[in-house]
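J.: One structure, pasted below without further comment.
The values are calculated or read from the model by the stated rules, or taken from the named source; none is laboratory data. Just so we're clear, the structure is a prediction, and the values are computed from it rather than from any experiment. Neighbour counts are summed over all protein chains in view; Cβ atoms, including those assigned to glycine, are modelled from backbone coordinates with ideal geometry. The protein model used for the area step is the full one, side chains on, heavy atoms only, and it has no ligands, DNA or RNA in it. Shrake-Rupley method; radii C 1.70, N 1.55, O 1.52, S 1.80 Å.
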Amino acid sequence: MDLQAQHLVLRTGFRPGKPYLAFFRSGPRSLHRRILDEDPNRNWDVCVNWWSEPGDCPDLDMQTFAGGNKYEGFLEFMQHAAFLGQYRYVLLLDDDVYFRPGDVSRLFELCDRHRLYLSQPALRRDTHLNHVVTAQNPLCEVRRVSFIEVMAPCFSAQALGDLSHTFGLTRSTCGIDLAWASLLRDRDLIRVVDAVAVEHTKPVDPSGGPFYLKLRSMGVDVHEEVADIMRRFPGFGATRTLRGGHVYRAGVPKMVAAPATALLDLATRLRFGVPNALRRLRDRARALVG
């Protein structure tokens with residue numbers, strides 16, 4: 001059977017039955033295999049959406065081969081997965097995001113326990129950060145923020161229904177998260193789960209990364225796509241940790257929790273904000289020269 005001719009391939013005997021779904025956009029060096037092996041008692045079904053030739057993974061629950069990017073691939077998956085509505089949460093992952101053993105299951109449990117609408121795991125403070133607001137705050141279990149990024153969002157069933165219309169807004173996927181932030185501003189619905197911190201194993205490389213080279217060959221300008229999103233979706237007050245609405249870690253004294261969190265957030269912005277801004281200017285300059 002030509003797997004790539006199929007819209008959705010299910011493992012023989014597989015019947016969706018777990019409460020959560022992890023959807024990986026995967027290539028030849030994808031981390032999904034390691035994450036699966038390190039979570040043997042997982043509470044989630046898995047679907048791998050291949051952007052390259054499929055690997056030898058006969059035990060995968062589901063495989064798809066559609067879409068020019070993760071969100072296009074998921075939209076195609078939605079059309080053929082009649083059972084999608086049974087999942088309480090769906091995690092959409094890039095293939096270079098590493099969860100420590102069992103942490104995907106733990107993320108889903110925390111999202112369900114706190115009834116989160118739209119969230120993402122925090123990023124370890126020693127890894128490749130795209131947005132300072134996603135850096136782990138060790139004082140919090142769950143933190144209220146204005147923004148989460150497209151790299152590893154976790155959608156409740158309600159959020160998926162409300163926001164999936166945005167998934168095709170850009171070919172690069174860049175800026176889709178700005179649309180979420182705009183649509184949800186002032187609604188207290190976006191969280192970073194600091195109790196689960198992941199490693200972003202590869203830096204974003206808009207000047208020479210394979211995906212960005214492919215986009216340029218297609219005539220897609222990432223910066224123009226983002227600018228168009230910003231025109232279509234009004235501002236939301238910048239990417240930031242908001243006041244209140246956090247769940248603090250056990251043992252953090254209530255009297256100091258809020259001011260300590262605000263102080264740590266300021267220190268994080270000072271530590272990572274300037275380098276990130278300089279990196280974006282450098283990447284933009286390279287793109288213009290290229």
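Rundown of residues vs (1) of a type in the set (S, T, N, Q); (2) modelled with pLDDT under 95; (3) within 18 Å of the chain's Cα centre (by Cα), yes/no style:
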| residue | (1), (2), (3) |
| --- | --- |
| R11 | no, yes, no |
| I35 | no, no, yes |
| C47 | no, no, yes |
| D61 | no, no, no |
| F65 | no, yes, no |
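J.: Exactly one condition in (1) at pLDDT 95 or above; (2) of a type outside the set (A, V, I, L, M); (3) in contact with a helix residue (DSSP H, G or I) (Cβ under 7 Å, 6 or more places away or on another chain); (4) under 25 Å from Q136 (Cα atoms) is not met by P206; state its number.
T.: (1)
J.: Tell me, please, whether a residue that is closer than 25 Å to E72 by Cα, open to solvent by less than 40 Å² (accessible area, probe 1.4 Å) and in contact (Cβ under 8 Å) with a residue 12 or more places away in the chain can be found in segment 256-264. Before you say what the answer is, go through the steps one by one.
T.: Step one: of segment 256-264, the residues closer than 25 Å to E72 by Cα are none.
Checked segment 256-264: no residue is closer than 25 Å to E72 by Cα, open to solvent by less than 40 Å² (accessible area, probe 1.4 Å) and in contact (Cβ under 8 Å) with a residue 12 or more places away in the chain.
J.: Out of (1) buried (at least 19 other Cβ atoms within 10 Å of the Cβ); (2) touching a helix residue (DSSP H, G or I) at 6+ places or on another chain (Cβ under 7 Å); (3) in a loop (DSSP other than H, G, I, E, B), what's the single condition that is false for V104?
T.: It fails just one condition, (3).
J.: On to the next question. Out of the residues in segment 232-249 that are touching a strand residue (DSSP E or B) at 6+ places or on another chain (Cβ under 8 Å) and among the small types (G, A, S), which is surrounded by the fewest Cβ atoms within 10 Å (Cβ to Cβ)?
T.: Step by step, filter segment 232-249, then rank; the result is G244.
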